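Undergrad: Quick one: the structure is below, questions incoming.
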Amino acid sequence: MVKSFGWPSGERIIWLVIAAAILCIVIWPLAANIDAAFHQEGRFGLAPEHSLAAISSVYLGSEYLGLLGKSLRLAAWVTLLCTATGVSIAVLLARTDLPGKAALELLVVMPLFISPFTGLIAWVALGSAKTGFINTLAATVLRSADVNVAPIVDIWTYGGAVWIMYLFFTPFIYLFTIGSLRTMDGTLEEAARVNGASPLRTILRITLPLSMPSILIAALTVFILTTETYTIPGIIGSVADFDVLAYRIFEDATGAPLRLAHAAAAATMLVALAFFGMLLQRHITRSASRFVTVTGKGLRTEPMKLGRWKPAALLLVWAYIVCTTLLPLAALTLSSLMRYSSGDLFGQPLSWANYWQFFSGDDMRRALANTILLAFGAAGICVFAGAAISFMDVRRPGIATRAVAILASVPVAVPGLVFGLGLLTVVLKSPLYGTVWVLLIAYVAKFVPFGIMMSRSGLQQMHPDLEHAARIAGANSLQTIRYITIPLLRFTLLSALFCIVVLCFKELSASVILYTKNSEVLSVLAWNYMGSGNYQFAATLGVLQCMIIIILVVAIRALFGIKLERAMGKS
């Protein structure tokens, strides 16, 4: 029997400090948000008096309930399209003989490394009715044949919002589904093919039913993400005349006059929806054992042959890649080299003026420095704190360690907009307000669950015998962690670090609520330029963000052999 060790005092002190700090920055803002919903509205924020007026207005009035209904309808359309495309691509890459899988697997998940808001900037350049590259190019080609047509694409519509969100949320469906498909035993598929079933019939009757739990969890995740997204429907809806609940919360929290109590009350709707989704996910996960076939046999089956369907399958995958990666990156780059918006690709000289202006402006350089500082600073803290919390949860299980791990993971189920609103309520009258440190707190609280989940996964796959052997040989607890545990977890911790760096570079929902002039980051600058109609500068910022993230992803893969898309999928 392996000897059991208790909690050394040094280890206990470190864990208690980390646990107290994390719980403070996670739970306090959420509690403050709930409390704010029960206050009266003041002239410049919350009044000290308590009231049920905001709660009654939100939950009993038709305005906010109507906005919730519109949000749910938008989420349903996006989820339906994402599920159909994501599952189809996952099946093609995991279970068929589609050629070029190695390159396609990376290209399909590239939207994970591009902010959906950056995708919006790109598709505004591509699909605006009068100046969009697609429309003007089509008009030029057709005009040469004496054919005049109306714009064939208009991104400033309800359908445009659905289209952009669909493109950039589909990788979530793909990652959830392909993970299940790769570990599936192919015996039943092979039996179906032996008995004459076509590839399509095999997929519909065997493959997809066995992957249904993963597909349902993925669809539920996208549904929740869509309901809490306010950037894309907010920008497009302001032109196309539709509104959603998340954007109304943003307007209430940042507009004039401030309606912080109403924003907080409406935010509880999103929190309740997210927690309901989390509970439903847990129920689906517990029920997943009914879908398990023979496992652990190491059986490898031949991929299904697509035959005459291979060209159509390749067209589907490449069409998605072109719309999510190639066209947006080309449009961003071209727009960033223009001085003003124009669909005429050759009507104005291209220049590097926007880039020179960016690097010569103090606010631009400050935003870039803030983004890098926050991304790596928050990632380092999240990995350190997440590893400590998950280590105690896995290696020192108990009520206290389990409770801390669960509570610290709560932000996974809380929209960034809601968390930012709660943190704003906490720091509004403190010296922290207006500083970059507020954003650091928000990033740590929002992304520490990724540090916990990824490090826990690594610890659960690592047998504790080596740790016990080191302790028996005389090493104390901290020495064991330093020389045994951390070296064995180094690739897991590096994956978590760089995944969180990427997420921080993309973060916008909480940043827009909390930033001030001296604490702007690249994503907020892009938001402000987009809102003011300066699409060229917004595109320039989008190109810089994409280039930084792509270089980071490629460098991590080359230096450490870490595939961030798979690491993000596991978390």
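Undergrad: Report every pair of residues separated by at least 6 positions or lying on different chains whose Cβ atoms are under 6 Å apart, first residue within region 360-389 and in contact (Cβ under 8 Å) with a residue 24 or more places away in the chain, second among the hydroxyl-bearing types (Ser, Thr, Tyr).
TA: Within 6 Å, the pairs are 374/443; 378/443; 386/455; 387/455.
Undergrad: Considering each of 208, 216, 204 in turn, give the residue that is assigned to a helix (DSSP H, G or I) and under 22 Å from the mean Cα position of the chain (by Cα).
TA: Of the residues listed, the single one that is assigned to a helix (DSSP H, G or I) and under 22 Å from the mean Cα position of the chain (by Cα) is 216.
Undergrad: Follow-up. Which one of the conditions (1) surrounded by 18 or more Cβ atoms within 10 Å (Cβ to Cβ); (2) of a type in the set (A, V, I, L, M); (3) at pLDDT below 90; (4) in a helix (DSSP H, G or I) does residue 31 fail to meet, given that it meets all the rest?
TA: Looking at each condition in turn, residue 31 falls short on (1).
Undergrad: Go through (1) closer than 29 Å to residue 407 by Cβ; (2) at pLDDT 90 or above and name the single condition residue 50 misses.
TA: So residue 50 meets the others, but not (2).
Undergrad: Among the residues of region 419-474, count how many are at pLDDT below 80 and part of a helix (DSSP H, G or I).
TA: Final tally of qualifying residues: 13.
Undergrad: May I pose another question? Select, from 277, 234, the only residue that is part of a helix (DSSP H, G or I) and at pLDDT below 85.
TA: Answer to the selection: 277.
Undergrad: For the list (1) at pLDDT 80 or above; (2) under 18 Å from the mean Cα position of the chain (by Cα); (3) crowded, with 24+ Cβ neighbours inside 10 Å, I need the number of the one condition that residue 415 fails.
TA: (1)
Undergrad: So which residues in region 510-524 are in contact with a Ser or Thr (Cβ under 9 Å, 6 or more places away or on another chain) and either buried (at least 19 other Cβ atoms within 10 Å of the Cβ) or farther than 22 Å from residue 232 by Cα (or both)?
TA: Taking region 510-524 first, the residues in contact with a Ser or Thr (Cβ under 9 Å, 6 or more places away or on another chain) are 511-513, 516, 518-524.
Scanning region 510-524 gives 511, 512, 513, 518, 519, 520, 521, 522, 523, 524.
Undergrad: To continue, here is another question. Quick one: residue 56 ticks every box in (1) free of Cβ contacts under 8 Å to residues at least 24 places away in the same chain; (2) over 21 Å from the mean Cα position of the chain (by Cα); (3) within 30 Å of residue 557 (Cβ to Cβ) bar one, so which box is it?
TA: Exception for residue 56: condition (3).
Yes/no matrix, rows are residues, columns are (1) more than 25 Å from residue 507 (Cα to Cα); (2) surrounded by fewer than 19 Cβ atoms within 10 Å (Cβ to Cβ):
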{"position": "78", "(1), (2)": "no, no"}
{"position": "89", "(1), (2)": "yes, no"}
{"position": "100", "(1), (2)": "yes, yes"}
{"position": "115", "(1), (2)": "no, no"}
{"position": "126", "(1), (2)": "no, no"}
{"position": "137", "(1), (2)": "yes, yes"}
{"position": "141", "(1), (2)": "yes, yes"}
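Undergrad: Also, I was wondering about something else. Filter region 143-152 down to the residues that are of a type in the set (A, V, I, L, M, F, W, C) and either surrounded by 13 or more Cβ atoms within 10 Å (Cβ to Cβ) or touching a His at 6+ places or on another chain (Cβ under 9 Å) (or both) and list them by number. Show your work before the answer.
TA: Our first condition is that a residue be of a type in the set (A, V, I, L, M, F, W, C); within region 143-152, this holds for 145, 147, 149-150, 152.
Across region 143-152, the qualifying residue is only 152.
Undergrad: Quick one: residue 247 ticks every box in (1) in contact (Cβ under 8 Å) with a residue 24 or more places away in the chain; (2) surrounded by 21 or more Cβ atoms within 10 Å (Cβ to Cβ); (3) out of contact with any Asp or Glu (no Cβ under 6 Å at 6 or more places or on another chain) bar one, so which box is it?
TA: Result: residue 247 fails condition (1) only.
Undergrad: Then there is this: For residue 41, indicate whether it is surrounded by 15 or more Cβ atoms within 10 Å (Cβ to Cβ) and more than 13 Å from residue 427 (Cα to Cα).
TA: yes
Undergrad: Let me spell it out: the conditions are (1) more than 16 Å from the chain's Cα centre (by Cα); (2) under 14 Å from residue 563 (Cβ atoms), and residue 113 meets all of them except one. Which number is the exception?
TA: Unmet condition: (1).
The values are calculated or read from the model by the stated rules, or taken from the named source; none is laboratory data. Values in this document were obtained by computation on a predicted structure and should not be read as measured data. Glycine gets a Cβ as well: all are built from the backbone with ideal geometry, and neighbour counts include every protein chain shown.
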